[in-house]
Amino acid sequence: MNTNSGPRHVAIIGAGIVGLSVAWFLQEAGVDVTVLERSEVGVGSSWGNAGWISPGLSIPLPEPSVLRYGLKSILDGDSPLYVPPTFDPGIWRFLVNFARHCNMRDWKSAMGALMALNRLAIPAYEQLAQAEEGLEVHTAPIVAAFRNSSEAAALLHEFEMIRSSGQALETSVLEGPQVREQVPQLSTDVGFAIRIDGQRYIDPSTFTAALAAAVTKRGGRILTGQAVTSIGRAMGRVAVSTAVGDVLRCDAAVVATGAWMNTLARGLGVKRQVQAGRGYSFVVPTSRPVPSPIYFPSVRVACTPSGSDALRVAGTMEFRSPDAAFDAKRVMAIVRSATPLLDEVDWSARRLDWVGPRPVTGDGLPLIGESAIPGVYIAGGHGMWGVTLGPATGQELARQIVEGKTPPELLPFLPTRR
Ligand SMILES: Cc1cc2nc3c(=O)[nH]c(=O)nc-3n(C[C@H](O)[C@H](O)[C@H](O)COP(=O)(O)OP(=O)(O)OC[C@H]3O[C@@H](n4cnc5c(N)ncnc54)[C@H](O)[C@@H]3O)c2cc1C
C-alpha cells in the first residue's frame, strides 16, 4: 500500500522491457499501474534482441571510431551499419547530431553518466529474479572471438577506455586451443578470444512475457491494442488519450515507447530525437548446447544460447523508420558473415527471422525523468543497452516518481536536455 503523498495510480505507455520494469518497481512501492500497449506485450525491440545483461560493455554509442567505421560502410548494403539512401530529413538531422558527439570529450562525459546506471543493472535484475518465479537470468561470460590477435586491437583499446573511465571489466585472453575449450562451436578460423566475466543473459521474449505476467499477478492492468495518441493535464490530473477515443485519468504517466518515442515526446518538451537503429536476428539449431554468449566484433554479430539446442544470432544497425518493411537481405548478410566462424550450427534450419528498432539518441544517453509537463515522465532511448538498463531504469524512475526527487544517478538523463 502506498502510504506517502506520491501518486497512487500511474499509466505506463509501452509494454517493452523498460515500461514493464517501471511498472513492476512502481508496484514494489505500492503504486497501482495500468500499462497501455498499442500492439502486444514485448513486440518492440524487447522481443528478439541478443538478451545480454552486460553492464561492463554498456558504453555510449557515439565515439570517434564509430564515425570512421560509419563513413566507410554507411551505404554498403552488406555492412553491419547501414543507412538506406533516403531523403528523410529526420534521419539526416539525427546523423549530423550523432556525428557531433563522436569525440572523446563527449564520450568520456557520457561514459561517466552511464557508469552510475550500469552499476545498478545486475542488482536490479537480481531483485526481480528473487521476487518472481519464471524470471530466469543466466550467468555466463561473453566470449569475444577473432581470427587473430591483431583483429582484437580495436576492442582491447575500447576496454582500456572503459577501464580508464573507472568501469570495472574482468577479462582474460584465450589463444589457440583454449578458444574451443571455452566454446566448442567456434570454428578453426577463430584463433584468439577475450573472455568477459561478470555478465548475464536472458531469453528476451520469455523474460518480457514473464515480467508482464508478474505485473498482472500483482494487480496491474495491461491493456493491449491501445495506441496512445496524446497525454496532457486536465483538472489537476494526467489524461492519457487513446486512438479509440478513451481517456484514462491518472496521477502520473510514463512514456516508454522505445523507438516510437518522438511521436508523444515532442509534445512534452523533449527536444532530443530518438532514431530507430534497427537490428535483425534469427534462431538456428546447434548439435549441442552453446555454453555462453559469443560476440564477433569484426562483423558486429552477437550470438546468445537459446534453450539447450539453439543459438540466437543478431546483428546490423540500420538507421531507418521503426516501421519500415523487414529486409531479408540484412538477415542473409548476417548469415554470410557468421557462417565461417561457427561450427555445429544448422544454418539451413534458420527460424524466427526478426527485425526490431533500438531506440538510439544522438548523444548516446537514455532519456529518463520528468518531461516539461508535470507528472509526465519519459523512460527510453537506451539504444544498444535497453535490456541491460531496463530494470535499473525502472527502479530509479519509480523512486523519482514516488519520492518526488530526482535520484543523482538520473540527473544526466533529463529528457528535456538540449
Ligand atoms: C538486434 C538487437 C540486439 C540487441 N541486443 C541487446 C542486448 O544484448 N542487450 C541489451 O541491453 N540491449 C540489446 N538491444 C537493445 C534493446 O533491445 C532495446 O534497447 C530495448 O529492448 C528497448 O526497450 P523499450 O522498452 O525501450 O522499447 P520496446 O521494447 O521497443 O518497447 C516499446 C513499446 O512501446 C509500444 N508503443 C509504441 N508507441 C506506442 C503508443 N503510441 N501507444 C502505446 N504503445 C506504444 C511498442 O509497441 C512497444 O511494445 C538489442 C536490440 C536489437 C535490435
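Below 29 Å Cα-Cα, how many Lys pairs turn up in the stretch 9-413? Only count pairs eight or more apart in sequence, or on different chains, if you could. Value for the stretch 9-413: 6.
Mind running the shape call on the stretch 9-413? Use the C-alpha gyration tensor, a ≥ b ≥ c as the square roots of the eigenvalues: rounded below 1.5 for a/c, prolate if a/b tops b/c, oblate otherwise. Prolate is the answer for the stretch 9-413, as a/c is 1.5 or above and a/b outweighs b/c. Across the stretch 151-191, Cα-Cα distances exceeding 15 Å account for 52% of all pairs.
Sorting 97-108, 263-274 by their mean Cβ neighbour count within 10 Å, with the most densely packed peptide first, gives 263-274, 97-108. Ratio of Rg to Rh for the stretch 354-418: 0.98 [Cα atoms; Kirkwood radius as inverse mean 1/r over pairs].
When peptides 89-95, 50-56 are sorted by average Cβ neighbour count within 10 Å, with the highest value leading, the order is 50-56, 89-95. Contact order for the stretch 275-418, expressed relative to its length and based on alpha carbon pairs under 8 Å spaced 6+ residues apart, stands at 24 percent. Please label the shape of the stretch 106-195 as rounded, prolate or oblate, based on the square roots a ≥ b ≥ c of the eigenvalues of the alpha-carbon gyration tensor (a/c under 1.5 means rounded; beyond that, a/b larger than b/c means prolate, else oblate). Because a/c hits 1.5 or more and a/b fails to exceed b/c, the stretch 106-195 counts as oblate. When only Cα pairs below 8 angstrom with a gap of at least 6 residues are kept, the stretch 141-218 shows a relative contact order of 42 percent.
What percent does the relative contact order of the stretch 9-413 come to when contacts are Cα pairs within less than 8 Å and at least six residues apart?
28
Bear in mind these aren't lab numbers, they're just calculated from the coordinates by the rules spelled out. Owing to the predicted nature of the structure, the values given are computational and were not obtained by experimental measurement. Backbone-built Cβ (ideal geometry, glycine too); neighbour counts: all protein chains shown.
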